[in-house]
């Protein structure tokens, strides 16, 4: 399994010289399974560059959405494969509070975008997983989902491909002031023994309590979760739009000190655009 980051920023794209090393595009991760199946996690602005690669193929694309906030769907209208005739694109909506399963297509309607979804020539289908079913197959992989803690709710995902496992848990507030959809120990069990856990780390303790309830985790909490679930690697994700490359370096340094004190073998990285993990 191969994992490549195409968008790692939270909330809004961040162009500029201070955001070059980690990148300024919003959420999008490409997963290539051992059988060659293409899975995409979220459709933020990073999906545009991914589309320039996938348009060279004609095989099905499986798009797993966490939720419908703009930074997770806004790149979809610029995703080249949706303009390929008969290209199969299967969209799996997140478990949102309002069941707006087609919101990724509705954003192209009316005065908001010049090309309506009905004009697309690709073969787009919505695959709505029924309530109560939290696992299914895509290619060689078993997909599992879990409700995440975020305003409007949404889904976290685990992808198991043979002996390889990744967990994608973004826009998730591990300790929210509102009623939890999922508690810490359940997340730890969900991501147990993951080769890589990609987790929201948008905030630091210094950002609190001002941003408590906004639906994102403190980086130190993501480290605790990764250690609790015995993950091999933690990729800090959903970088705050105010955080420059140097700021993210400082977050990594701080979290590594936390790992050293805990005498953990966890490997820590900050997700960066163009970075590929070969698992």
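Which order do the peptides 119-131, 187-199 come out in when sorted by mean C-beta neighbours inside 10 angstrom, highest first?
The packing order, highest mean first, is 187-199, 119-131.
Quick check: Cα centre of region 69-123 to Cα centre of region 222-239, how many Å?
About 31 Å separates the Cα centre of region 69-123 from the one of region 222-239.
Could you give log10 I(q)/I(0) at q = 0.09 Å⁻¹ for region 107-241, computed by the Debye formula over C-alpha point scatterers of equal weight, without solvent?
Debye intensities relative to I(0), on a log10 scale: -0.33.
Work the Kirkwood hydrodynamic radius out for region 2-278: mean of 1/r over every pair of different alpha-carbon atoms, inverted, in Å.
Kirkwood radius, region 2-278: 18.7 Å.
Using a Gaussian network model on the chain with a 10 Å cutoff between Cα atoms, which of 31, 205, 112 fluctuates the most?
Judging by the Gaussian network model, the answer is 112.
Using only helices, what value at 222 nm comes out for the chain when you add -39,500 (n - 2.57) per DSSP H run of length 4 or more and divide by the total residues, to the nearest 500 deg cm²/dmol? Each step should come with its number before you reach the end.
On the way: 6 runs with 50 residues, N = 279.
Computed mean residue ellipticity for the chain: -5000 deg cm²/dmol.
Say R0 is 45 Å: what FRET efficiency, to the nearest 0.05, do residue 205 and residue 100 get from their beta-carbon distance?
E(calc), rounded to 0.05, equals 0.85.
For region 73-145, what Kirkwood radius comes out of the mean inverse Cα-Cα distance, in Å? Walk me through the intermediate numbers first.
Details: mean 1/r = 0.0727 Å⁻¹.
So the Kirkwood estimate lands at 13.7 Å.
Could you tell me what a quarter of the Cα convex hull surface of region 20-65 works out to, in nm² with one decimal place?
Quarter of the Cα hull surface area: 3.6 nm².
Would you kindly calculate the translational diffusion coefficient of region 1-147, applying Stokes-Einstein with the Kirkwood radius from alpha carbon pairs, for 10 °C and a viscosity of 1.306 mPa s, and quote it in µm² s⁻¹ without decimals?
For these conditions, the coefficient is 101 µm²/s.
If you average the C-alpha positions of region 39-57 and of region 151-173 separately, how far apart do those two centres end up, in angstrom?
About 18 Å separates the Cα centre of region 39-57 from the one of region 151-173.
Work out how far the C-alpha atoms of region 170-279 reach from end to end along every principal axis, then list the three figures in whole Å, largest first.
Reported extents, whole Å, longest axis first: 36, 33, 29.
Beta carbons within 10 angstrom, averaged per residue: use that to sort the peptides 224-230, 252-258, highest first. Provide the component values of the computation, followed by the final result.
Working: 224-230: 19.3, 252-258: 14.4.
Ranked from most to least packed, the peptides come out as 224-230, 252-258.
Taking only C-alpha pairs under 8 Å that are 6+ residues apart, what is the relative contact order of the chain in percent?
Here the relative contact order equals 19 percent.
Tally the DSSP beta bridges in region 2-278 and give the antiparallel ones as a percent, rounded to 5.
For region 2-278, the DSSP antiparallel bridge percentage is about 50.
I'd like the antiparallel share, as a percent to the nearest 5, of DSSP beta bridges with both residues in region 127-279.
Working: 16 of 30 bridges.
About 55 percent, rounded to the nearest 5.
The numbers here are math on the coordinates, done by the rules we state, and not lab data. Please read all numbers here as calculations on a predicted model, not as lab measurements. Because the Cβ atoms are built from the backbone with ideal geometry, glycine has one as well, and the counts that use them run over all protein chains shown.
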